[in-house]
Amino acid sequence: SHTDRRQTQTAEQYAADDLETMREARRYGAHLFRLFEPFVGRRVLEVGCGIGTMTQRLTNVADLVVGIE
């Protein structure tokens, strides 16, 4: 069962939990990546990389990936 903890967490903790949850949504992440993969160049600057869910996929197709939060 899912427990809604949004009202008992700080904004930072909720954001971290959200990132962890989305990391587990592998098919969704793969779908999103397929949408923009044709536009990925050899060098990538990922702004707002969070915990690196997309960064990991980017490193498989780009020569250089720089991620900043």
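Taking amide H atoms as placed 1.01 Å from N in the peptide plane, list the residues 5 or more away in sequence, or in a different chain, whose amide H sits under 5 Å from that of residue 49.
68, 69
Given a 1.4 Å probe and the protein chains all in place, what does the accessible area of residue 34 round to, in Å² to the nearest 10?
In the full protein context, residue 34 sits at about 150 Å².
Under the rule of at least 5 residues apart or a separate chain, name every residue whose amide H is placed under 5 Å from the amide H of residue 44.
Here 64, 65, 66 satisfy the definition.
What relative contact order, as a whole-number percentage, does the stretch 12-67 give when Cα pairs under 8 Å and 6 or more residues apart are counted?
In percent, rounded to a whole number, it is 33.
The values are calculated or read from the model by the stated rules, or taken from the named source; none is laboratory data. Treat the numbers as computed from the prediction; the structure is a model and nothing was measured. For the accessible areas, the whole protein counts, side chains as well, though only heavy atoms, and no ligand, DNA or RNA atoms are used. Shrake-Rupley method; radii C 1.70, N 1.55, O 1.52, S 1.80 Å.
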